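The values are calculated or read from the model by the stated rules, or taken from the named source; none is laboratory data. What you see is a predicted model; the values in this text were computed from it and never measured. Quick reminder, even Gly has a Cβ in these numbers, built from the backbone with ideal geometry, and neighbours come from all protein chains shown. What goes into the accessible areas is simple: the full protein's heavy atoms, side chains included, and nothing from ligands, DNA or RNA. Shrake-Rupley method; radii C 1.70, N 1.55, O 1.52, S 1.80 Å.
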Amino acid sequence: MSQQINRQVVLASRPNGKPQANNFTIADAPIPAPEDGQVLSKTIYLSLDPYMRGRMNAGKSYADPVEIDEVMSGGTVGQVIESKNSGFSAGDFVFGYGGWQEFWLQDGKKLKKVDPQLAPISTATGVLGMPGVTAYTGLLNIGQPKKGETVVVAAASGAVGSVVGQIARIKGTRVVGIAGTPEKCEFVTEELGFDACVNHSLQDFAENLKSACPNGIDVYFENVGGKVFEKVLPLLNNFSRIPVCGIISSYNATQLPAGPNLTPLLMRNILVKRLTFRGFIVWDFDSQEEEALTQLSNWIKEGKIRYREDIVDGLENAPEAFMGLLEGKNFGKLVVRVSDEPAG
Ligand code: NDP
């Protein structure tokens, strides 16, 4: 191997509110050597996902934080350079949690092979990876959409939301997306086939959402929280189901928002309308991962599910791209191309 240095992005300091460029540092480290059972891979694609914001805070959430001076954690698609594990050979494409760096060592038990014949290998970070499984399991187990019902999903052009809406459509529901720009809304209706999409950044968002849901909302797949949720709440029907997947609008918050305390209103709605809210983390449904990936790849082959990727070139651009993700600047699954895919 000609390259001797492993470039990394490490957490330099913890953000207070929105992450800033100086919370990250680019560092050089030696390329590690695999020991028995381990595999050394070269990163091709690094997945950037909203959960990484939580990992930048001190204190445990549902997972441990990244420590200061530690490499930022993240899912990676790579190619095996050297293997001391009989299950993997040099040249194999793999997915693992390699982090924001050019080379990574992993115990073979934690690696998954990626089949380049199935779909572009980058999809192992998105529609055929963690976000796709999140959409499939959260919607079907908790949302339980039924033919003729209305399903609403926010961050509708993104990695999770785009898959949620397309599965809901396959299940015969009316699907309404919520997104932050006219271009995203057009993509959601024209390319993904949602019945309608409403722009949450417009003044008349609440009225537009009401018009798009003439029969109310039966399933609201929650990705963003905040002001979007406040406008959804009055439209929820009796017995509606709300899979709480993410609340990205508050990931940078340092305190509760000013204004009236809306907890009594929420509790009254839950009681009177008999609403079911259930938070979940994708690994709660680990036993369904294989089923989800098989079904999603079949739907992609049949042309029933489409996906869009937002690919940023260069590991050094990962921090800026990640900061943009928390402000809606990405358009599709956000991925960093850390190195080129091998030719052929
Ligand atoms: P996306 O690809 O959808 O990108 C994030 C999108 O969120 C942005 O493009 C933007 O879309 C929207 N957004 C960002 N900031 C705000 C804001 N302040 N208010 C409203 N919308 C905002 O990301 P993912 O699909 O990867 O993730 C979607 C959600 O799912 C996140 O909350 C994430 O944490 C959660 N998640 C949860 C998992 C679990 O196991 N529970 C697993 C994976 C993801 P727009 O411009 O259209 O508003």
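Remarks
- Residues (under 22 Å from residue 24 (Cα atoms), at pLDDT below 95 and small (Gly, Ala, Ser)) located in region 57-108: 58, 59, 61, 63
- Residue match in region 148-165 (condition: in contact (Cβ under 8 Å) with a residue 60 or more places away in the chain, closer than 20 Å to residue 234 by Cα, over 20 Å from the mean Cα position of the chain (by Cα) and surrounded by 22 or more Cβ atoms within 10 Å (Cβ to Cβ)): yes
- Going through (1) open to solvent by less than 10 Å² (accessible area, probe 1.4 Å); (2) closer than 19 Å to residue 107 by Cα; (3) in a loop (DSSP other than H, G, I, E, B) one by one, residue 46 falls short only on (3).
- Residues of region 210-238 classified as more than 27 Å from residue 49 (Cα to Cα) and not small (Gly, Ala, Ser), total: 11
- Restricting attention to region 166-186 and to residues that are in contact (Cβ under 8 Å) with a residue 60 or more places away in the chain and in a loop (DSSP other than H, G, I, E, B), the residue that is least open to solvent (accessible area, probe 1.4 Å) turns out to be 180.
- For region 130-154, the candidate set comprises residues that are near the ligand (Cβ under 10 Å from one of its atoms) and in contact with a strand residue (DSSP E or B) (Cβ under 7 Å, 6 or more places away or on another chain); within that set, the residue that is farthest from residue 300 (Cα to Cα) is 154.
- Note on region 313-335: residues that are open to solvent by less than 40 Å² (accessible area, probe 1.4 Å) and more than 13 Å from the ligand (Cβ to nearest atom) total 4.
- Which listed residue, of 98, 91, 87, is in a loop (DSSP other than H, G, I, E, B) and either on the phi > 0 side of the Ramachandran plot or among the β-branched types (Val, Ile, Thr) (or both): 91
- The set of residues in region 194-244 being β-branched (Val, Ile, Thr), out of contact with any Leu (no Cβ under 8 Å at 6 or more places or on another chain) and not in a strand (DSSP E or B) consists of 224, 228.
- Within region 160-185, considering residues that are near the ligand (Cβ under 8 Å from one of its atoms) and of a type in the set (A, V, I, L, M), the one nearest to residue 126 (Cα to Cα): 160
- Within the set 242, 247, 281, the sole residue that is within 22 Å of residue 180 (Cα to Cα), among the aliphatic types (A, V, I, L, M) and within 12 Å of the ligand (Cβ to nearest atom) turns out to be 247.
- Any hit, region 256-276, residues being charged (D, E, K, R), more than 21 Å from residue 153 (Cα to Cα) and either touching a strand residue (DSSP E or B) at 6+ places or on another chain (Cβ under 9 Å) or more than 8 Å from the ligand (Cβ to nearest atom) (or both): yes
- Cross-chain or 6+ apart pairs with Cβ under 7 Å, region 304-328 first and aliphatic (A, V, I, L, M), then away from the ligand (no atom under 14 Å from the Cβ) and in a helix (DSSP H, G or I): 305/296; 305/299
- Residue 142 meets all of the listed conditions (1) among the β-branched types (Val, Ile, Thr); (2) surrounded by fewer than 23 Cβ atoms within 10 Å (Cβ to Cβ); (3) free of Cβ contacts under 8 Å to residues at least 60 places away in the same chain but one, namely (3).
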